[in-house]
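The values are calculated or read from the model by the stated rules, or taken from the named source; none is laboratory data. Only a predicted model underlies this, so the values are computations on that prediction, with no experimental measurement involved. Using ideal geometry, Cβ is built from the backbone for each residue, glycine included, and neighbour counts are taken over all protein chains shown. What goes into the accessible areas is simple: the full protein's heavy atoms, side chains included, and nothing from ligands, DNA or RNA. Shrake-Rupley method; radii C 1.70, N 1.55, O 1.52, S 1.80 Å.
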2 protein chains.
Amino acid sequence: MEPCTVAGIRIGVARAGIKYPDRRDLVVIEAATGTRAAAVFTQNAFCAAPVIVARAHLAAASPRYLVINTGNANAGTGAPGLAAAEATCRVLAEQTGCRPEEVLPFSTGVIGEPLPVERLVAGLPAALAALQPEGWTEAAHGIMTTDTRPKWASQRLSLSGQEVAVTGIAKGAGMICPNMATMLAFVATDAAVDLTLLQKILADAVTDSFNAITVDGDTSTNDALVLLATGQSGAHISAEGEDYTRFAQAIREVCIELAQAIIRDGEGATKFITVQVEGGRDVAECRQVAYTIAHSPLVKTAFFASDLNWGRILAAVGRAGLVDLDLERVTIHLDEVCIVRAGGRAPNYTEAQGQPVMTRPDITIRVELGRGTATARIWTTDFSFDYVRINAEYRT
Amino acid sequence: MEPCTVAGIRIGVARAGIKYPDRRDLVVIEAATGTRAAAVFTQNAFCAAPVIVARAHLAAASPRYLVINTGNANAGTGAPGLAAAEATCRVLAEQTGCRPEEVLPFSTGVIGEPLPVERLVAGLPAALAALQPEGWTEAAHGIMTTDTRPKWASQRLSLSGQEVAVTGIAKGAGMICPNMATMLAFVATDAAVDLTLLQKILADAVTDSFNAITVDGDTSTNDALVLLATGQSGAHISAEGEDYTRFAQAIREVCIELAQAIIRDGEGATKFITVQVEGGRDVAECRQVAYTIAHSPLVKTAFFASDLNWGRILAAVGRAGLVDLDLERVTIHLDEVCIVRAGGRAPNYTEAQGQPVMTRPDITIRVELGRGTATARIWTTDFSFDYVRINAEYRT
């Protein structure tokens with residue numbers, strides 16, 4: 001199945017030779033006049049130059065063009081990096097007849113190297129010449145770095161008689177612990193949505209999707225997620241009602257599908273692990289426990305080995321920093337098997353029950369804290385030889 | 001050089017076959033009557049049964065015997081685990097004529113398996129028969145699990161004409177991110193120190209030693225550090241003066257030496273990395289930045305590869321959560337080479353300068369935050385194929 005086109009969106013991809021020759025590394029997304037854009041960006045204090053420029057441009061105007069390069073993150077590049085991001089916008093604006101503020105730049109790749117802005121802008125005419133509504137899969141390839149698979153998700157829904165499309169692409173496989181958004185993701189719809197409402201819908205969707213995944217706990221300097229609403233379908237979304245609910249759900253599902261695709265393609269990942277924490281006093285403490293488990297190198301290597309060394313999960317729960325945690329009320333399941341009850345090995349648990357679960361490619365760790373009604377769910381990967389290999393070899 | 005004996009301390013080691021046959025896995029430390037003991041324990045909520053029992057016994061009496069087993073952590077073992085730890089103390093008390101509260105139990109090894117208490121107590125007579133003042137190196141071997149080297153440190157100092165010895169042993173190589181103490185460490189001196197003062201000296205020493213190391217961010221369920229002061233040397237330590245300063249410094253140095261030995265023996269470690277953070281508003285934020293760098297899998301794998309991918313260090317500083325961090329004031333050095341200035345690549349930095357530093361076995365990352373006068377220093381390791389191998393294979 002191909003992703004749905006989105007009325008008002010055209011995409012062009014080019015090979016600008018930014019880091020490697022003959023690799024798709026430059027993507028331009030064109031949005032029709034009148035498009036509204038909501039966005040979330042990394043909360044890393046060292047945010048990259050394009051993030052700074054994109055934030056400023058978004059505050060000044062509605063975007064007409066998004067320009068994305070791989071091969072260089074333009075991060076940690078100081079004033080020259082900012083100038084390079086601004087020059088990219090200026091050149092694209094000249095070539096398309098819009099204002100520089102109507103262009104948002106995005107970069108991903110190695111941190112700390114100067115952006116080869118001449119090569120980038122030299123590639124723009126080819127990207128513009130390639131603009132077409134069907135460019136989504138090509139763009140999903142064009143934004144890949146250490147990704148092994150292109151990532152896209154798409155839904156079509158009917159709202160009060162109008163057909164609406166929601167399509168998105170994402171990239172990311174390492175340096176993944178988004179704090180507002182993942183490395184890069186772009187979602188578009190042809191519904192018409194007011195800006196305030198669009199930002200709310202995006203923020204709600206992000207909490208349960210891109211802000212619920214981690215590969216390695218390393219929040220990137222370049223995380224960005226943009227949601228474009230062109231309004232070209234004729235469907236207008238109001239702040240309440242069934243259409244709102246179904247539309248927001250579609251955005252949420254596309255975001256979850258993209259976020260999960262990033263985890264399934266996590267660097268060196270051999271397993272897709274859902275960490276579900278229930279019975280907490282609030283969502284924050286549930287997420288705290290879930291991330292402590294998901295970031296534990298000992299838990300991650302045990303899953304890589306398919307070894308149910310459940311004491312490591314228990315130890316992670318114990319060091320998550322919850323005040324007054326009553327161990328007697330803690331229960332841990334691995335899929336359908338109860339492994340920990342009352343803070344110790346479940347009375348009926350045997351290794352023969354647990355071992356088969358560990359060999360599954362998709363596994364859910366479910367922790368019941370027994371002190372409230374809040375829950376949280378995040379997704380993560382195991383920790384393999386390949387994770388070390390990929391990150392020891394990257395750059396060289 | 002051999003560790004100094006400590007007047008009033010005798011140590012016996014036995015092979016109890018707790019997990020493996022014919023391996024030194026049981027250590028008894030005997031302290032003379034009148035010994036004062038200070039201790040710090042894990043802050044993991046799931047602390048192991050022996051930690052619970054040791055805490056209670058320490059509150060009730062001054063210890064005469066410490067009994068340590070490897071091969072089984074007696075953690076996550078519920079009520080039977082507590083009973084096993086108490087039985088161990090009771091049997092040792094019967095055999096030595098002391099009270100059970102005068103015995104402190106310690107365990108390390110796999111979590112969640114029942115402690116084979118019959119085999120443990122069956123080994124006690126052999127350990128008691130072996131008691132001798134020279135038992136320190138034997139004990140350093142006897143408490144090893146995934147450690148590849150025994151770890152001990154020793155100093156002798158003269159205080160107001162009295163010769164005083166300080167000797168300690170430690171174990172630990174993985175699940176190392178102590179929060180009060182490391183896996184297991186035992187330090188003894190023959191100075192006489194009041195209990196309150198002894199606890200203060202220990203707490204001060206721990207902050208800069210065992211609480212300043214991390215291999216993998218996983219705080220163990222069994223961390224414990226005990227400092228015994230037998231008073232047999234005749235030297236009495238008061239709460240101030242030059243003797244106090246020199247004695248506290250000796251304790252601190254022995255603790256740092258043991259803590260560093262744990263990092264040098266970190267699972268799969270190929271490099272010893274010092275993370276020094278300066279110019280912070282307070283020590284807490286300096287430690288926060290240091291641990292964010294030290295726990296980053298991307299930083300750790302880059303060091304394993306000897307690849308100065310310094311953007312990963314910068315990204316870790318950026319996501320450490322410091323409020324109002326002014327990037328323009330941030331400087332990062334790798335040993336003597338300045339790699340980041342004003343939040344970007346240092347103007348004069350070249351890869352040719354940085355690369356030779358990365359091949360050194362001991363490397364210091366120095367981050368200057370430029371917003372205060374506080375500093376913090378921690379030690380960590382890189383992240384190698386062998387870390388994954390050791391932790392994927394452990395238990396099986």
Inset, instruction - Out of the residues in the range A:40-62 that are among the aliphatic types (A, V, I, L, M) and open to solvent by 10 Å² or more (accessible area, probe 1.4 Å), state the one that is farthest from the other protein chains (Cβ to nearest Cβ). - result: A:A61
Inset, instruction - Look through B:P80, B:P133, B:P105 and report the one residue that is over 24 Å from the mean Cα position of the chain (by Cα) and either closer than 24 Å to B:R23 by Cβ or surrounded by fewer than 17 Cβ atoms within 10 Å (Cβ to Cβ) (or both). - result: B:P80
Legend entry - Given (1) over 27 Å from A:P50 (Cβ atoms); (2) at pLDDT below 90; (3) surrounded by fewer than 18 Cβ atoms within 10 Å (Cβ to Cβ), number of the condition A:A203 does not satisfy: (1)
Inset, instruction - Only residues that are within 9 Å of chain B (Cβ to nearest Cβ) and surrounded by 19 or more Cβ atoms within 10 Å (Cβ to Cβ): list them for the range A:310-326, please. - result: A:W310, A:G311, A:R312, A:L314, A:A315, A:A316, A:V317, A:G318, A:R319, A:A320, A:L322, A:L325
Inset, instruction - Could you grab me the full set of residues in the range A:337-396 that are within 14 Å of chain B (Cβ to nearest Cβ), in a strand (DSSP E or B) and open to solvent by 70 Å² or more (accessible area, probe 1.4 Å)? - result: A:R341, A:R345
Legend entry - Flag if B:D216 is buried (at least 23 other Cβ atoms within 10 Å of the Cβ), in contact with an Asp or Glu (Cβ under 9 Å, 6 or more places away or on another chain), of a type outside the set (S, T, Y) and within 30 Å of B:A305 (Cα to Cα): yes
Legend entry - Answer from B:I378, B:I293, B:I365, B:I339 - the residue that is more than 21 Å from A:A392 (Cα to Cα) and touching a helix residue (DSSP H, G or I) at 6+ places or on another chain (Cβ under 7 Å): B:I378
Inset, instruction - Please work out which residue is nearest to A:A73 (Cα to Cα), limiting yourself to the range A:1-23 and to residues that are at pLDDT below 95 and among the charged types (D, E, K, R). - result: A:K19
Legend entry - Segments classed as strands (runs of 3 or more DSSP E), wholly inside the range A:16-96, with at least 1 members that are small (G, A, S): A:26-31, A:36-41
Inset, instruction - Enumerate the pairs (first residue in the range A:73-88 and closer than 12 Å to A:P116 by Cβ and facing chain B (nearest Cβ under 8 Å); second residue anywhere and in a loop (DSSP other than H, G, I, E, B) and among the acidic types (D, E)) with beta-carbon separation below 8 Å, excluding pairs fewer than 6 apart on the same chain, so at least 6 apart or on different chains. - result: A:T77/A:E113
Inset, instruction - Output yes when any residue across the range B:307-320 is under 30 Å from B:M144 (Cα atoms) and among the polar types (S, T, N, Q), and no when none is. - result: no
Inset, instruction - Report, by residue number, each residue of the range B:108-130 that is surrounded by fewer than 21 Cβ atoms within 10 Å (Cβ to Cβ) and within 19 Å of B:A188 (Cβ to Cβ). - result: B:L128, B:A130
Inset, instruction - Determine which single condition B:R329 fails, assuming it passes every other condition in (1) modelled with pLDDT of 90 or more; (2) within 13 Å of chain A (Cβ to nearest Cβ); (3) more than 24 Å from B:I256 (Cα to Cα); (4) open to solvent by less than 40 Å² (accessible area, probe 1.4 Å). - result: (4)
